[in-house]
Amino acid sequence: MITGISYFSFRGMDTIPGSTGISGKSLRISGGLYDCLYSSSSLTDTAKNEADWEETTILHAKFNDDLYAGNVNFGIDNTTNVLVKRREKGTFKWLPIFDIPVLGDIKNLDVDVVDRYARCNTDYEYAIVPIINGKEGSYNIGVIRSEFDGLHLIDPTGACHSAFRSEWQITKNRPSVKTASLGSKYQYVLYNSKNNFYTGTITTTFVKTNPELCTIPEPETLDYSMEVMEFLTNGRTKILKLENGQIYMVEIGDNPSLSATEHPFLPETAFDWMQVGDCESNEDLYNFGLSDLGYEWWVS
Amino acid sequence: MALKPILHTMNAFDARNGYTFTFGWSGDLIAANELTIVRLSDGKIVYQKQQTEYGMVLKHTLAPQEAAFNDQQYSATLKVFRKNGSDYELMGEASDPVLFWCLTAPSFSFSNSEILTGELLFPTITVDLKYSQAKGELLSEYQIMLYNQNQTLIDSSGVVYAASVSAYQYTFAGLDDKATYYVRALGATVNGYALDTGMKQLKSQFDYKGVGSTCILENLYPEASIRIQSNYVVTTATYEPAGSAPVFVDHTKVDLTKGGAVTFIDGFELKGDYEIKLALESIQPNHELLRCTDTAGNGYTLALRPFFLFPHTPDGRFDLTKGEKKFYFLLRDLKNGYEITDGIRYGSDLLSKKIHLLVQHKNSHYKLKIEMEETT
């Protein structure tokens with residue numbers, strides 16, 4: 001029950017002049033039994049706080065057995081790492097993709113990372129998860145649809161993109177041996193390994209586009225194609241993503257080629273690829289140098 | 001070759017629970033069957049009994065504790081009989097012997113406090129399994145499964161061979177708040193004793209602030225990438241006196257009535273127009289309730305000051321025998337030295353009430369507002 005209300009007043013004013021240019025960096029409270037401290041840049045004129053955390057909130061301490069006044073109940077004193085995880089919407093299993101060690105520095109809690117291994121035309125959930133006292137804290141989840149055009153080849157050293165004159169062909173490989181026996185009318189088919197992977201070929205023109213002008217700077221495209229040849233033969237495992245949603249972890253075949261087209265500055269690049277791992281496997285991503293997320297975050 | 005029944009192999013079982021032996025037979029109609037159980041340690045026949053079952057009932061039921069006792073290995077053979085007048089006549093030969101163990105039921109359960117209480121407080125749970133068997137029978141393999149509220153399987157450890165791990169556990173991550181889950185583990189001992197914890201219900205109720213802390217996502221179309229950013233606002237607070245811990249009351253209040261102070265020093269900045277709201281009780285006169293300063297120490301303090309109000313005598317003097325204690329709030333600007341007092345005189349009842357206090361800074365002017373609430 002509210003029993004009394006008063007307004008601060010001085011010489012008839014309900015507000016009084018204060019110091020200008022002071023930027024409050026320290027707030028100290030004492031001399032009472034406190035159950036709330038709230039500060040906001042949105043002015044309400046009411047003394048009783050009924051708001052939870054909002055966009056304009058600066059501080060909100062609830063003193064629920066802790067002294068945290070941010071929008072989370074953890075701090076650098078008890079948080080060792082922040083994990084970023086991803087899963088396709090509608091599935092349960094999270095794939096950890098980044099680990100940010102906090103190292104006692106509050107700035108490290110400002111997560112800003114880029115996931116380059118998301119497939120196209122797919123709704124993803126991402127979660128930012130603090131590791132508090134050795135346990136996972138709250139999952140801070142966002143949803144987004146991953147979209148892009150053309151094909152992208154990505155490895156830790158760089159990426160190349162083509163949305164121009166792409167042709168591709170994909171083969172599923174399940175090696176087997178056919179053998180005849182004397183006592184059988186039919187042949188036996190033997191699967192001597194678990195091999196079960198894709199291979200493919202791609203023919204395309206890699207161009208550096210100017211998205212603002214929607215132009216192809218033609219002479220530079222030849223240089224870019226030569227750069228792509230170096231990229232294709234750098235010996236690194238790559239992620240191949242197509243705009244139709246396909247995604248593969250691949251090695252590029254031995255002999256990528258450039259061939260002339262009707263346009264002197266727009267040669268076609270052709271290369272073979274072979275699937276070598278699973279893009280959704282932390283172990284494969286780590287073993288092939290596509291992720292540096294340590295095994296401690298994905299080995300149960 | 002003479003016909004013989006085929007006694008089915010069996011997993012280990014607890015003799016206290018009894019067991020039904022099953023067998024196969026492809027000959028004439030069976031009128032009776034006879035099971036013989038021999039204890040391997042001394043070759044003694046511990047059980048030999050005929051059971052008469054008309055029709056092709058291919059089983060022989062051992063009552064609990066009837067013959068076999070736990071933690072021993074046994075051999076079983078079975079014969080089948082036809083009816084010949086009032087006698088039973090053996091058909092074919094005895095089955096090949098089948099070896100089996102009787103074992104005291106192993107203990108196989110979850111040891112997590114979360115599963116024991118059924119309350120999940122974090123989105124991740126490392127499920128710990130506890131296994132033991134009186135005679136040291138080893139666990140061979142186990143599998144831990146997670147089900148949603150419809151008891152549909154959503155995650156599983158897969159089959160884990162116990163010899164290959166140092167701890168029987170598995171971690172489930174990314175569980176949702178305010179949801180119901182079920183956890184179950186299945187296992188088997190090296191001699192085939194089947195283990196099952198049964199479904200254990202878990203209800204999640206996470207204790208964390210989530211409002212305002214969001215995961216900001218951006219689809220970077222040209223780069224075919226997703227940018228992930230957090231907007232965590234993390235503050236740092238220190239407690240005085242240094243080396244001691246703050247005392248919390250009812251898990252919702254911090255007690256700063258006995259000289260303690262809390263200072264928030266990092267992760268925020270009060271600039272431009274803003275307001276600060278405090279909710280407190282047991283307010284201590286003559287203490288700095290609030291001190292807001294910049295890095296140079298400029299800013300302001302707020303305190304509750306006591307004073308005595310004396311009535312005037314008819315001749316215009318103060319009557320010092322009838323003083324009444326009153327209080328006023330004092331805001332002091334540390335930079336320009338202003339000391340600003342509240343025009344309101346508060347009675348001593350202020351000290352027993354809950355105070356809602358507003359300090360507003362707008363256009364470089366301060367405003368103070370106080371609301372009082374009866375404490376419950």
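Observations, loosely collected:
- Screening residue A:134 on (1) open to solvent by less than 60 Å² (accessible area, probe 1.4 Å); (2) over 30 Å from residue A:265 (Cβ atoms) shows it passes everything except condition (1).
- Among residues of segment A:21-42, those that are farther than 22 Å from residue B:284 by Cα, in contact with a His (Cβ under 9 Å, 6 or more places away or on another chain) and part of a loop (DSSP other than H, G, I, E, B), counted: 1
- From the list B:158, B:192, the lone residue that is surrounded by fewer than 19 Cβ atoms within 10 Å (Cβ to Cβ) and over 22 Å from residue A:94 (Cβ atoms) is B:192.
- The residues of segment B:127-142 that are among the polar types (S, T, N, Q) and open to solvent by 50 Å² or more (accessible area, probe 1.4 Å) amount to a single one, B:132.
- Residue selected from segment B:200-211 under the condition closer than 21 Å to residue A:96 by Cβ and in a loop (DSSP other than H, G, I, E, B), by the criterion most open to solvent (accessible area, probe 1.4 Å): B:208
- Here the condition is being assigned to a loop (DSSP other than H, G, I, E, B), facing chain A (nearest Cβ under 7 Å), surrounded by 22 or more Cβ atoms within 10 Å (Cβ to Cβ) and hydrophobic (A, V, I, L, M, F, W, C); of B:234, B:254, it holds for B:234 alone.
- Some residue of segment B:75-97 being assigned to a strand (DSSP E or B), under 20 Å from the mean Cα position of the chain (by Cα) and of a type in the set (S, T, N, Q): no
- Total residues in segment A:66-108, condition under 16 Å from the mean Cα position of the chain (by Cα), within 30 Å of residue B:252 (Cα to Cα) and not β-branched (Val, Ile, Thr): 1
- One residue from B:78, B:90 being touching a Leu at 6+ places or on another chain (Cβ under 7 Å) and farther than 22 Å from residue B:190 by Cβ: B:78
- When segment A:79-89 is filtered for residues that are over 25 Å from residue A:154 (Cα atoms) and more than 9 Å from chain B (Cβ to nearest Cβ), the ones remaining, listed by number, are A:80, A:81.
Here is a yes/no grid of residues against (1) facing chain A (nearest Cβ under 7 Å); (2) part of a loop (DSSP other than H, G, I, E, B); (3) of a type in the set (Phe, Trp, Tyr):
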{"position": "B:174", "(1), (2), (3)": "yes, yes, no"}
{"position": "B:178", "(1), (2), (3)": "no, yes, no"}
{"position": "B:198", "(1), (2), (3)": "no, yes, no"}
{"position": "B:227", "(1), (2), (3)": "yes, no, no"}
{"position": "B:248", "(1), (2), (3)": "yes, no, yes"}
{"position": "B:264", "(1), (2), (3)": "yes, no, yes"}
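- Any hit, segment A:90-107, residues being within 7 Å of chain B (Cβ to nearest Cβ), of a type in the set (A, V, I, L, M, F, W, C) and closer than 30 Å to residue B:155 by Cα: yes
- Note on segment A:108-126: residues that are outside any strand (DSSP E or B) and facing chain B (nearest Cβ under 9 Å) total 7.
- Every condition in (1) within 14 Å of chain B (Cβ to nearest Cβ); (2) part of a loop (DSSP other than H, G, I, E, B); (3) over 28 Å from residue A:234 (Cα atoms) holds for residue A:149 except the one numbered (3).
- Filter result (closer than 22 Å to residue B:25 by Cα and either surrounded by 14 or more Cβ atoms within 10 Å (Cβ to Cβ) or in contact (Cβ under 8 Å) with a residue 60 or more places away in the chain (or both)) within segment B:63-89: B:75, B:76, B:77, B:78, B:79, B:80, B:81, B:82, B:83, B:88
The values are calculated or read from the model by the stated rules, or taken from the named source; none is laboratory data. Note that this is a predicted model, so its numbers are computed, not measured. Counting neighbours? That spans all protein chains shown, and the Cβs are built from the backbone with ideal geometry, glycine included. Calculation scope for accessible area: heavy atoms of the full protein, side chains included, ligands and nucleic acids excluded. Shrake-Rupley method; radii C 1.70, N 1.55, O 1.52, S 1.80 Å.
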